[in-house]
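Comments concern the structure below.
The values are calculated or read from the model by the stated rules, or taken from the named source; none is laboratory data. A quick note: this is a predicted structure, and the numbers were derived from the prediction, not measured. Heads up, the Cβs are rebuilt from the backbone with ideal geometry, glycines too, and the neighbour counts pull from every protein chain shown.
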Amino acid sequence: MEELGIADYIDALTTEELMRRTVLDGPIRLDFDRSAAGGGHPAAHLTIARNCCRVPLFGPLSIGHFVRFIFSNFYPDWWGEFKFLRDWPLDWFTRTVTEQERQVLHVECRQPLVEKLFGGLHSKRR
């Protein structure tokens, strides 16, 4: 499994197998689009169940953060079994959450201070 990329693994599954293994209990989406940001539409947000339910995020997520969130929460067996999922690099991008968005329920994620100061194995600022 570690020799295959995630796209190769997904391509190897039949449609039925893919649907059985990847159907979430409720629709959830992580979005980032700076050009679409405005009142009620944060640049980075978590959409839950309905398009109008947008929970502001601290900023855009890296692929590593996305892989970690989805697999550790929705596919814990795969998360525990496949080391390559756990080793996906975490990149830290520029924060986009506004002061107004911080005043409502939002998702905050901070880069650990030690990694920020001294550099981590898988983190970098952009």
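So is G59 modelled with pLDDT of 90 or more and assigned to a loop (DSSP other than H, G, I, E, B) or not? Here the answer is yes, as G59 does meet what is asked. For the stretch 98-120, give me each residue that is under 25 Å from F71 (Cα atoms) and modelled with pLDDT of 85 or more. Answer for the stretch 98-120, where residues must be under 25 Å from F71 (Cα atoms) and modelled with pLDDT of 85 or more: L105, H106, V107, E108. Given the criteria under 22 Å from I10 (Cβ atoms), buried (at least 17 other Cβ atoms within 10 Å of the Cβ) and either among the polar types (S, T, N, Q) or modelled with pLDDT under 90 (or both), does L90 qualify? When the stated conditions are applied, L90 passes them. Taken as a whole, the condition of being more than 14 Å from the chain's Cα centre (by Cα), buried (at least 16 other Cβ atoms within 10 Å of the Cβ) and modelled with pLDDT of 90 or more applies to A43. Only a single item in (1) touching a Phe, Trp or Tyr at 6+ places or on another chain (Cβ under 8 Å); (2) of a type outside the set (A, V, I, L, M, F, W, C); (3) in contact (Cβ under 8 Å) with a residue 60 or more places away in the chain is not met by G59, and it is number (3).
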